[in-house]
Amino acid sequence: MNSIHDEDKVKDLLKEKKIPVFRYAQIENAIYKNFVTEFLEIQTIPKELREWLKENFFYYSLVVDHIVTSDNWQTTKILFKTTDWHFIESVIMRHLTWRNTLCVSCQAWCPMWCSFCATWKLGLKRNLEFYEIVEQIYYACEILNKEGTILRNVVYMWMGEPFLNYENVKKSIDLICAQKKLNFANRRVTVSTCWIIPWIEKFWDDFPQTSLAISLHASNDEIRTKIMPINKTYDLEKLMKSLDLYVNKTNKRVFYEYIMINWVNDNIVLARELWKLLEWKLAHVNFIPYNSWEWTWWSYSATPRFIIEKFQKVLLTYWIPSTIRATMWDDIDAACWQLAIKK
Ligand code: SF4
């Protein structure tokens, strides 16, 4: 069986069967524009072709294991099971302004060892196939469509490091942004990364319009290396140099994610360091309140809100734009990755 999202494969098999190419356009239209998920219900193609599709292709390889929605209806977390029994998650965040956002996973777990994150705990299981990423996005579209709204933004930032699964991430972005498919605006797709520097040129060549978010989380090498081992390989100097090149090339603002962990990286002195690091850069900082997870054997805790605000104020004083991310999911035990870990 093959994924219906694999356009080349579908076309090859249609060709082998001597079915005219225009049939693909009909299938594509039914699937991506009319959201018909049952092949037998595609009314625009002959019955034999529908049956042949059903025998040879699948629509979803992922199975929904669990869905949980917060009391305020803002967040829905979906736990999927892959065909080889790995659990991955994606999260829909609904905004009153209709800027509905989906965070997707690109790997089954993660090898990056960030100390504040639970995902690496079981190590990397495997890279997700491009269609497994697309299925997460497609499933969220289906949920939101039923609610009479749409998905506006996709962020590659849940489980996994996108640059370690570059080709599948690329293929999935190309697919969702294709006009005849989900037709997402490229700038509404964000790739969030620890920043594997060798990929920089490829990224700006492949995705000049796609937004880039960097997991920064510290303003100096000492703290960053402690909480993100990748910093030993690509320290802040190398990181910032490569990002300067990126900005020169694309003229796009870089989003910096900074998770606020009490007594670890939230000292006001570090706010000034952060300002120095980002001074004169095309940057936006996103402060993320830390979400504790019960398997932490070291005692990380969330920075109190008033300290985050003080920290933010330092950056604002120097005209560096920033936002504090709302915690939308406290009541559903759905801080990053918790459902999958429990499973
Ligand atoms: S924060 Fe991201 S890159 Fe780091 S371990 Fe977690 S999932 Fe991996």
Quiz item: Of all the residues that make up region 269-299, how many are at pLDDT 95 or above and not in a loop (DSSP other than H, G, I, E, B)?
Solution: 15
Practice problem: May I ask you to list the residues in region 158-178 that are away from the ligand (no atom under 16 Å from the Cβ) and either free of Cβ contacts under 8 Å to residues at least 60 places away in the same chain or of a type in the set (Gly, Ala, Ser) (or both)? | Solution: Glu167, Lys170, Lys171, Ser172, Ile173, Asp174, Ile176, Cys177, Ala178
Quiz item: Is there any pair with a first residue in region 221-234 that is without any contact (Cβ under 8 Å) to a residue 24 or more places away in the chain and a second that is of a type in the set (Val, Ile, Thr) whose Cβ atoms are under 6 Å apart and which are 6 or more apart or on different chains, and what are they?
Solution: Asn231/Thr225; Lys232/Thr225
Quiz item: For residues in region 304-326 being polar (S, T, N, Q) and more than 24 Å from the chain's Cα centre (by Cα), which is farthest from Ala271 (Cα to Cα)?
Solution: Thr317
Quiz item: Given Lys241, Lys181, which one is surrounded by fewer than 18 Cβ atoms within 10 Å (Cβ to Cβ) and either within 12 Å of the ligand (Cβ to nearest atom) or not assigned by TED's automatic domain parsing to the domain that holds Glu7 (or both)?
Solution: Lys241
Practice problem: Kindly indicate whether any position in region 59-76 is out of contact with any strand residue (DSSP E or B) (no Cβ under 8 Å at 6 or more places or on another chain), assigned to a helix (DSSP H, G or I) and either surrounded by fewer than 18 Cβ atoms within 10 Å (Cβ to Cβ) or in the same structural domain as Val10 (by TED's automatic domain parsing) (or both). | Solution: no
Quiz item: If you check Thr97 against the conditions, is it without any contact (Cβ under 8 Å) to a residue 12 or more places away in the chain and either at negative phi or surrounded by fewer than 22 Cβ atoms within 10 Å (Cβ to Cβ) (or both)?
Solution: yes
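Of everything in region 186-208, what is of a type in the set (Asp, Glu) and either within 16 Å of the ligand (Cβ to nearest atom) or touching a residue at least 12 places away in the same chain (Cβ under 8 Å) (or both)? Give them in sequence order. So that I can check it myself, show each step before the final result.
Step one: list which residues in region 186-208 are of a type in the set (Asp, Glu), which gives 201, 205-206.
Correct list: Asp206 only.
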Quiz item: Of the residues that sit in region 122-151 and are of a type in the set (Gly, Ala, Ser) and without any contact (Cβ under 8 Å) to a residue 60 or more places away in the chain, which one is nearest to Ile67 (Cα to Cα)?
Solution: Gly148
Quiz item: Can you tell me which residue in region 83-130 is modelled with the lowest pLDDT, limited to those that are among the hydroxyl-bearing types (Ser, Thr, Tyr) and within 11 Å of the ligand (Cβ to nearest atom)?
Solution: Thr119
Quiz item: Among the residues of region 55-70, is there at least one that is of a type in the set (A, V, I, L, M, F, W, C) and more than 25 Å from the chain's Cα centre (by Cα)?
Solution: yes
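Step by step: first the residues of region 37-57, then only those that are among the charged types (D, E, K, R) and outside any loop (DSSP other than H, G, I, E, B), then the one that is farthest from Phe22 (Cα to Cα). Which residue is that?
Of everything passing the filter in region 37-57, Glu55 is farthest from Phe22 (Cα to Cα).
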Quiz item: Which one of the conditions (1) out of contact with any strand residue (DSSP E or B) (no Cβ under 9 Å at 6 or more places or on another chain); (2) at pLDDT below 95 does Ala302 fail to meet, given that it meets all the rest?
Solution: (1)
Quiz item: In region 30-57, how many are crowded, with 16+ Cβ neighbours inside 10 Å and under 16 Å from Ala178 (Cα atoms)?
Solution: 3
Exercise. Any chance you could count how many residues in region 209-227 are more than 21 Å from Gln312 (Cβ to Cβ), within 16 Å of the ligand (Cβ to nearest atom) and not β-branched (Val, Ile, Thr)?
Key: 2
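The values are calculated or read from the model by the stated rules, or taken from the named source; none is laboratory data. No experiment lies behind these values; they were computed from the predicted model shown. Glycine gets a Cβ as well: all are built from the backbone with ideal geometry, and neighbour counts include every protein chain shown.
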